[in-house]
Each structure stands twice: as structure tokens, then as C-alpha cells.
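What follows is calculated from the coordinates using simple rules that are stated; it is not laboratory data. What you see is a predicted model, and the numbers here were worked out from it, not measured in a lab. Please note: Cβ atoms are built from the backbone with ideal geometry, for glycine as well, and neighbour counts cover all protein chains shown.
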Amino acid sequence: MTIKRRLFLANIRMILITIGGFFAVTLLVRIISFTILLGPWWGDSDLSGIDQFTSPDRIRNLYIISMAPFFAFIFIINSVFTYRMSQKITRPLEILAAGVKEIQSNNFAYRIEYSGDKEFQMLCQAYNDMASRLQDSTEQRRILLAGITHDLRTPLTTIKGYLEGLEVGIASTQEMRDNFLLGIKNKADSMEQIIERLFMFSKLDMEEFPLTLSRVDIMQAITDMLEELREEYTKRGLIISIVDIPKKIFMNTDIMFLSNALINILENSTNYKTKDTGCLVISASLSDGFIQIRFADDGPGVNSDMLNKLFNVFYRTDPSRHKKGSGLGLAISAKIIERLGGTIYAENCNPSGLAITIHLPIETGAVQ
């Protein structure tokens, strides 16, 4: 029952009790005045003193005497109802206050269990949702910091090793010194890439990257982009195939951001392929005002219970994903697709491989 309904019924109850009590007291006064003062109605009565006994002063005094216990009764009933109502309100507030204290103590795993009034159920559920988001955010920050530390420590250690080698004269020839310097440059480039990706992710997460939307034939734009990249990825051991691509599908999107998201998916397939030459098949279909674009490779795939974690920052729980990539690519792709109003998910292929599918909204009547 809601608090509004409970208060409404309580007010109606008090009104009925007051009206009923007033009429009961009035009837009681009438009975007393005609029985005690004038005698029983069933016997002979001496009505000579009726004017004296039914005078306004006596009737008023009788009303006052009779109403006193009635008002005392009303006061008691009202006090009981008020106390019970206050308990209905203060008790869940105390529960919420205890929950807030747990949040202040950084205990984000604390949850409230409440099954009372509907309004407080909604409030407690909102608290639990907030605590869950804070818990996820805290875990995300912990993983983020651990990932940053891991990914920056390795190239820094390598750079330090090269510099010490140059300092003590290990690189005794010009060729060795050039190799050491090239190694330092490559590791510095790697660190720069990680920092740039991390910067982009944080901007996307805070929605500080403005979108530049334009109307494009989405599949034609993606096909053109893939054709430009096909040779580069072929050299890196990834054969890209495009099948079942519908034409003339228009949508308003930021093609630069979308291209970034798709390239990250290509990089994921390239980094985690287990064969010298891997294959990536790209297909698309239409469904209920959305275009579904599927990227299916023939890599190792991941454990089914880890699929949703692929889009977390610095995800490296699965053994097949250790020491490969920056751990930011798919997280950035997920943020971009979300900003463009779409969704992204991953699933394992049969017999092997990983498929990443994105859904993007198209214009109404955009198919030509």
C-alpha cells in the first residue's frame, strides 16, 4: 500500500470516528436526560419539573460532562494512529540512513532489503542501483589504474634498460646504438598510443567529445574504409572478407568516430589471431529500424562467461588475452557505439572464433 493511500484511509477513519462519536454522545445525552433526570420512560413520571431538568444550562453541562471521555478517546486513538504512521515513515528512513553511512564508509556492496510501502520500495531500489553503480565504478577505476600501471611499466622498464645500456657502453657499435635508439623510440610511441587511447576513452566516458553528424550511406562508407585498409591488414596476417552487404542504407552518424570503433574491432581480431593468417568476415542485415553489422573471425574466442567483460577497460582476465593489445580498443568502440545510439555485444563462433556485432539506428525510410 502506498503512503498516500494509507494517509487518506487514516483521515477517513478519523472523520468517521469523530462523526460517529459525536452522534453517540448526543444520543447518550438524550437518553440520560429523559431517563435519569425525568424518570424511566416505561413507568409513571412526574413531569412537573421537566422545565427545571431540561433547562439549557443543565443540558449544556450534561453535554460537557459526556463529551469529556469522548475527546479523551479521540485523543488516544489519534495518538495511536499517529505513532503507527510515524513508524511507517521513520523506520525506512532509518534504514536508508544506515545505507548512506555504509556508502560513506566505502562499503558499496551493502544492499537494502525493504518490502513495505511502495514509495519507500522505489527509494530503496534507487539506493541499491546507486550502490551497484558505485561498486562497478570503483572496480572499474581499480582495473583502470592497474592496467595503466601494467601497460606503462613495461615500456618504461625497456626504455630504462636501453638507456642504461647506452650509458655503460654496452652498445659499442653505431649499429647497436641505432638499434637501442630505435627501441626507445618504439616504446615511447607505444606509451604515447596508450595515453592517447586512455585520453579518448576518458573524454568519451565524460561525453566531452562532440559528435559531427552527417547523412551518409553507412554501408558504402564502411566498405570504402575497409577497402583502404584491406592491404595493410593482409600484410599483418588478417584477410578481410565482406559478404551480404545491403546498399543505400542512410543514417546520421559521425563517420570518423564510427571508423575508429570499427578499426578497434579489426585490431582486436589481428592481435588475438592464433594462425599465421586469420580471417575476418563482415556481414550486415536490417532489423526494425536498425542495421546489424557483424565481425566474425576465426581466432580462439573467449570463455562464454567472459564475453560481456570484453568491453571493459584493460580487460585481461581470459588467459588468451594476456600481453596483447592495450586493453582499451573494444572499450573505446563500446563507448563510441553507445554515443551513436547503438549497442554492441560479443559471442563465440562455431566451431571457433569471436563475433562482435553492432546495432546502429538508421533513418526512417532510409532504405532505397
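Compute the length gained on full extension between LEU286 and ALA24: take 0.36 nm times their separation in residues and subtract their Cα-Cα distance, giving the result in nm to one decimal. It would help to have the intermediate numbers written out before the result.
On the way: separation 262, 0.36 × 262 = 94.32 nm, distance 7.54 nm.
Once the chain is fully extended between LEU286 and ALA24, it gains 86.8 nm.
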Hey, rough spin-label estimate for ASN107 and LEU181, points 7 angstrom out along Cα→Cβ, what's it come to in nanometres? 6.1 nm
Counting other Cβ atoms within 10 Å, keep those with at most 16, restrict to DSSP loop, and tell me which GluC sites (Glu not before Pro) in region 165-222 are left. GLU207, GLU208
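State which entries of LYS187/LYS335; LYS235/LYS275; LYS185/LYS335 exceed 21 angstrom in Cα-Cα distance in the structure shown. If you can, show how the numbers build up before the last one.
On the way: LYS187/LYS335 27 Å; LYS235/LYS275 14 Å; LYS185/LYS335 30 Å.
Pairs exceeding the cut-off: LYS187/LYS335; LYS185/LYS335.
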What is the order of LEU96, LEU181, fewest Cβ neighbours within 10 Å to most? LEU181, LEU96
Aspartates and glutamates with Cα under 15 Å of LYS203, excluding same-chain neighbours fewer than 8 positions away: GLU338
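In which sequence would LEU204, LEU330 go, from the one with the fewest C-beta neighbours within 10 Å to the one with the most?
Details: LEU204 19, LEU330 23.
If I rank by nearby Cβ atoms, fewest first, I get LEU204, LEU330.
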Per-selection metrics, region 214-361 (Cα): Rg and Dmax in Å: 14.5, 42
Starting from the amide H of ILE242, placed 1.01 Å from N in the peptide plane, find each other amide H under 5 Å away whose residue is 5 or more places distant or on another chain. ILE282
